[in-house]
Amino acid sequence: MLNPRVEESPEATKAHNSAKRRRTDEDDGSAERSTEGEANILKPDEVTTHDELWFEDGNVVLVAEEIAFRVFRGVLSSASLVLRDMLVAPQPGMMYEGCPVVYLTDRADDVANFLKVLFQGYRMYAPPTDHRSWATIRGTLRLGHNYHIPALVEAGRVELSRRFPSKLSKWLKRDSFCPGEPEDIIAMANTARTLGWADIHVRALYECCQLPADLLVAGAGEGEEKLNTEDLVAVIEGREVLFKLNAQLFSSVFSKSAHKECDAQRKKVRWKLCKHAASRDCLESYNTWIREVCEKYEMCERCVEGHVEAHAVARAEVLRSLHIHLKVDLGRGTESPGVDDEEEDDEEVENESAEDEEDNEEENEDDEEDMDAADESTPNTVTADSSVKAEIIDGDSPDDTVMTY
């Protein structure tokens with residue numbers, strides 16, 4: 001038996017239709033929210049999680065160049081007010097495994113090294129004799145600067161100061177202690193320029209002058225690190241300036257000998273040294289080579305040590321005035337270099353042409369004429385500051401000298 005059709009009143013029909021519309025709207029809204037929720041969930045295939053910096057109990061996910069780092073919000077907030085503000089209001093609704101996601105515009109490798117210092121700091125400095133790699137220093141410097149963390153910036157400045165010291169003695173010893181490879185010097189110079197460290201910047205540019213020309217033009221790190229136009233011009237022009245300056249150093253250092261008996265031999269020594277000092281590295285120690293050449297021409301010990309000492313003083317002055325030779329405006333000025341301890345250069349100096357040359361007591365007539373002409377015409381263009389003096393002190397090596405200013 002069919003149920004009789006019940007006629008609804010107009011009011012009931014209106015209420016029914018209204019309820020139906022509400023249910024439809026609710027269903028549509030639920031579907032929309034579901035779609036929106038799915039869109040705000042970061043999928044595992046969209047990023048690669050970092051092996052070391054992914055803590056299962058972490059409560060925030062940082063993403064840089066599609067690399068994800070799961071770390072702790074509290075540690076980041078305590079390290080940087082800038083990061084704290086970013087973490088207070090992360091990108092709307094973006095989540096990954098229940099953690100809010102924050103996107104960073106920094107390089108992933110810089111972020112990784114920055115986070116390693118924050119979360120694995122004890123490993124970065126153990127044992128105490130080890131120094132951090134340039135990659136670590138670069139990451140802490142860049143992100144320390146971007147996110148206003150003065151302690152990290154200062155730690156990076158100390159490391160760069162160790163790489164480009166103001167004292168000649170430390171400059172000669174730095175190879176076994178300083179961070180970075182030769183190709184990293186361009187990035188170091190750029191970083192020092194960005195942070196306004198004029199004194200470190202100019203010494204880094206001096207090191208750039210020693211790099212191959214193709215590396216300077218093409219840049220390091222697959223071309224990612226290049227000098228800007230102003231610095232590149234300073235380095236290209238500086239290469240020629242330093243080449244001439246190194247020869248002038250020997251010319252000025254051997255302009256006069258203490259003893260009259262050695263003065264005649266001095267011309268030959270100067271000519272020999274200037275002839276073979278084909279290098280742009282004006283700060284390198286040639287003590288062993290100078291002694292060998294002077295002894296070959298039978299100069300007395302006092303004159304030999306006097307020339308070695310004078311060469312050290314002249315090199316210290318070059319280090320102090322690099323900004324002048326490279327035509328770099330220091331702007332706010334540079335730190336004042338301190339006392340330099342000159343030590344013996346134990347490395348063998350390659351001088352094959354000098355070794356193969358016959359040990360004649362006199363040079364040929366052409367060389368004699370050239371030496372006399374050079375002695376008369378070569379100006380004493382490289383002189384130490386009048387406030388610079390050097391004194392020999394007792395030590396295990398005759399090269400143990402102290403430069404005092």
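The values are calculated or read from the model by the stated rules, or taken from the named source; none is laboratory data. Note that this is a predicted model, so its numbers are computed, not measured. Backbone-built Cβ (ideal geometry, glycine too); neighbour counts: all protein chains shown.
The numbered conditions (1) out of contact with any Asp or Glu (no Cβ under 7 Å at 6 or more places or on another chain); (2) in a helix (DSSP H, G or I); (3) charged (D, E, K, R) are all true for Lys267 except (1). Scanning the range 270-299 for residues that are in contact (Cβ under 8 Å) with a residue 60 or more places away in the chain, outside any helix (DSSP H, G or I) and not polar (S, T, N, Q) yields Arg280, Asp281, Leu283, Glu284, Tyr286. Is it true that some residue in the range 221-230 is more than 22 Å from Ser321 (Cα to Cα) and in contact with a Cys (Cβ under 6 Å, 6 or more places away or on another chain)? No - not one qualifying residue is present in the range 221-230. One residue stands out among those in the range 66-93 that are surrounded by 15 or more Cβ atoms within 10 Å (Cβ to Cβ) and part of a loop (DSSP other than H, G, I, E, B): the one that is nearest to the chain's Cα centre (by Cα), which is Ser80. Would you be able to say whether some residue in the range 297-304 is of a type outside the set (A, V, I, L, M, F, W, C) and in contact with a helix residue (DSSP H, G or I) (Cβ under 7 Å, 6 or more places away or on another chain)? Looking for residues that are of a type outside the set (A, V, I, L, M, F, W, C) and in contact with a helix residue (DSSP H, G or I) (Cβ under 7 Å, 6 or more places away or on another chain), one finds at least one in the range 297-304, hence yes. The requirement of being in contact with an Asp or Glu (Cβ under 9 Å, 6 or more places away or on another chain), assigned to a helix (DSSP H, G or I), modelled with pLDDT of 90 or more and not polar (S, T, N, Q) is satisfied by Leu242. Taking the criterion of being more than 24 Å from Glu154 (Cβ to Cβ) and either modelled with pLDDT of 95 or more or hydrophobic (A, V, I, L, M, F, W, C) (or both), the residues of the range 170-209 that qualify are Leu172, Cys208, Cys209. Remark: Arg302 falls outside the filter, which requires a residue to be under 18 Å from Val328 (Cβ atoms), in contact (Cβ under 8 Å) with a residue 40 or more places away in the chain and either surrounded by fewer than 20 Cβ atoms within 10 Å (Cβ to Cβ) or polar (S, T, N, Q) (or both). The residue that is modelled with the highest pLDDT, among those in the range 94-140 that are buried (at least 18 other Cβ atoms within 10 Å of the Cβ) and among the β-branched types (Val, Ile, Thr), is Val111.
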